[in-house]
Every structure is written in C-alpha cells, then in structure tokens.
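The values are calculated or read from the model by the stated rules, or taken from the named source; none is laboratory data. What you see is a predicted model, and the numbers here were worked out from it, not measured in a lab. Positions of Cβ are generated from backbone atoms using ideal geometry, with glycine treated the same way; all protein chains shown enter the neighbour counts.
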Amino acid sequence: DQQVKQNSPSLSVQEGRISILNCDYTNSMFDYFLWYKKYPAEGPTFLISISSIKDKNEDGRFTVFLNKSAKHLSLHIVPSQPGDSAVYFCAASARYGGSQGNLIFGKGTKLSVKP
Amino acid sequence: ETGVTQTPRHLVMGMTNKKSLKCEQHLGHNAMYWYKQSAKKPLELMFVYNFKEQTENNSVPSRFSPECPNSSHLFLHLHTLQPEDSALYLCASSQENRGWEETQYFGPGTRLLVL
C-alpha cells in the first residue's frame, strides 16, 4: 500500500502560469517532506523540502505548502518556465518508527510547460 | 568530479552473467543508498549503508549483493538476474542516515536490461 501518493501522472501548464503539483501521504509519522525533479537520463535532483513544524517553505519560484491535518502537500512553481518540464517526485521520511530517515517516494508527476 | 557518479550508465546482461554497478560520492557523506526504479512504480529503497555498515536490506533477493568498502564507494553485484530486474538503479548519498531531516543526493543511475 502506497504511503506517498501523487495522483496526477501528468500536468500541462502554459509558460508564465502557476504549476501546482500535489502529494498526499498516509503515514502520520512522516515529519520531513522533499520534492525532487528528474530529467530524462538523469537522477533525481533535490528541489525543496519542508519540516512538519512549518506549513510553508519558499525558495525563489518554488514554494511548498504542507497541510498536516489533511496529510497533503503541494509544490507551487510560479512563473512556470519550459525548463521546468520534468518529472517531479514527492518524498517523505519519519524521524521515529521503523526505517527512520529512509525516504518513501511517490510515483511522480510529469510536468510539461508549454511556451 | 563532484556529486554522485555511477558507472556504467547503461548495462545489458544475460541471465547467467555476473556484473557490478559502481557508485562514488564526492560529497563527504557517510550514508549511501541503492534504489530501484521500475516503470510506473515509485523509487524502491533496496539497501542502506551508514558509516560503511549495512543498516537496511529492504527484502531484496540475494541475486543482488551490495558492498560498501568505504564511505565514498558503493557497489551492487548482480548475478543470475531475471528479466523483471530490468530497471533504473539509482545510488544516493546523505550526510548520515540519522533519521532527521536528511536530504539525499542522487547519481544519474544505471539503466539495466536483463535479457
């Protein structure tokens, strides 16, 4: 059973608009969340993270929002650029419990930003 | 060279072959990981090494055998693989597998095809 879910396999957005990628999780022990970006033929690249003590973290055009009560996080990219076209993975880890520190990944969402 | 490197980038092998995947990290980290990414599946954690000691074996078949001679190098020895083992194998590293707000950095992966 998947603990981290990215229910949209793909998303298409116009350049300059906002991209919103969503992620849901089921394990309430998760306390650290990350987004990775992956281009074809490359490994995932760390993008941004958020600790469970926060509800928002911003880095340039990228903002991650965390709603703990809903067990939901989202990545906002604004403005979107064609170079943002990639697969985005959501990942989560737990400080306590079994397999602490190990990342659990979602299946990814393929973002296409059209010029 | 910087970051996490993996060789070879592509590998085709028969079911009776023995081959090895190599990973090297130049980040001064103490934890290293092997992941498997199959089509339409999330990244699956295979093995974790923390300070050269294996701390996690995620129910991986014995035809996959990891080796970590030092904190900078990680190998995955392959023998008598099955066609369903064809996947992208990713190596990652982090400061240490301490279970708290760890960010893992990935190599480019080895694309493996088992015939």
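Some observations on this one:
- Hits in the stretch B:17-53 (condition: more than 27 Å from B:Trp100 (Cα to Cα), within 15 Å of the chain's Cα centre (by Cα) and within 11 Å of another protein chain (Cβ to nearest Cβ)): B:Ser38
- Cβ-Cβ distances below 7 Å connect the following pairs, each with a first residue in the stretch A:10-34 that is within 19 Å of B:Leu43 (Cβ to Cβ), a second residue that is aromatic (Phe, Trp, Tyr), and a separation of six or more residues or different chains: A:Leu21/A:Tyr88; A:Leu34/A:Phe46.
- Number of positions in the stretch B:18-57 that are under 24 Å from A:Lys107 (Cα atoms) and among the basic types (Lys, Arg): 3
- Taken over the stretch A:73-92, the criterion of being surrounded by fewer than 23 Cβ atoms within 10 Å (Cβ to Cβ) and within 14 Å of chain B (Cβ to nearest Cβ) is satisfied by A:Ala86, A:Val87.
- Lone qualifier among A:Ser52, A:Ser69 - being over 15 Å from A:Ser8 (Cβ atoms) and within 13 Å of chain B (Cβ to nearest Cβ): A:Ser52
- Selected residue (criterion: nearest to the other protein chains (Cβ to nearest Cβ)) from residues of the stretch B:54-70 that are surrounded by fewer than 19 Cβ atoms within 10 Å (Cβ to Cβ) and at pLDDT 90 or above: B:Val60
- Among the residues of the stretch B:96-115, the ones that are more than 19 Å from A:Trp35 (Cβ to Cβ) and either charged (D, E, K, R) or more than 8 Å from every other protein chain (Cβ to nearest Cβ) (or both) come to 8 in all.
- For the stretch B:32-49, the criterion of a residue being surrounded by fewer than 17 Cβ atoms within 10 Å (Cβ to Cβ) and over 22 Å from A:Thr45 (Cβ atoms) is satisfied by no position.
- For A:Gly60: the one exception among (1) surrounded by fewer than 13 Cβ atoms within 10 Å (Cβ to Cβ); (2) closer than 29 Å to B:His10 by Cα: (2)
- Complete set of residues in the stretch A:1-43 that are in contact with a strand residue (DSSP E or B) (Cβ under 6 Å, 6 or more places away or on another chain), within 21 Å of A:Arg95 (Cβ to Cβ) and in a loop (DSSP other than H, G, I, E, B): A:Gln3, A:Met29
- Residue list for the stretch A:33-49, filter: at the interface with another protein chain (Cβ under 8 Å from one of its Cβ atoms) and either surrounded by fewer than 21 Cβ atoms within 10 Å (Cβ to Cβ) or under 18 Å from B:Lys36 (Cα atoms) (or both): A:Tyr36, A:Ala41, A:Glu42, A:Gly43, A:Pro44, A:Thr45, A:Phe46, A:Ser49
- Here B:Leu76, B:Leu88, B:Leu81 are screened, and the one residue that is in contact (Cβ under 8 Å) with a residue 12 or more places away in the chain, within 18 Å of B:Leu43 (Cα to Cα) and more than 14 Å from chain A (Cβ to nearest Cβ) is B:Leu76.
- Scanning the stretch A:89-115 for residues that are closer than 17 Å to A:Glu15 by Cα and not hydrophobic (A, V, I, L, M, F, W, C) turns up A:Lys110, A:Ser112, A:Lys114, A:Pro115.
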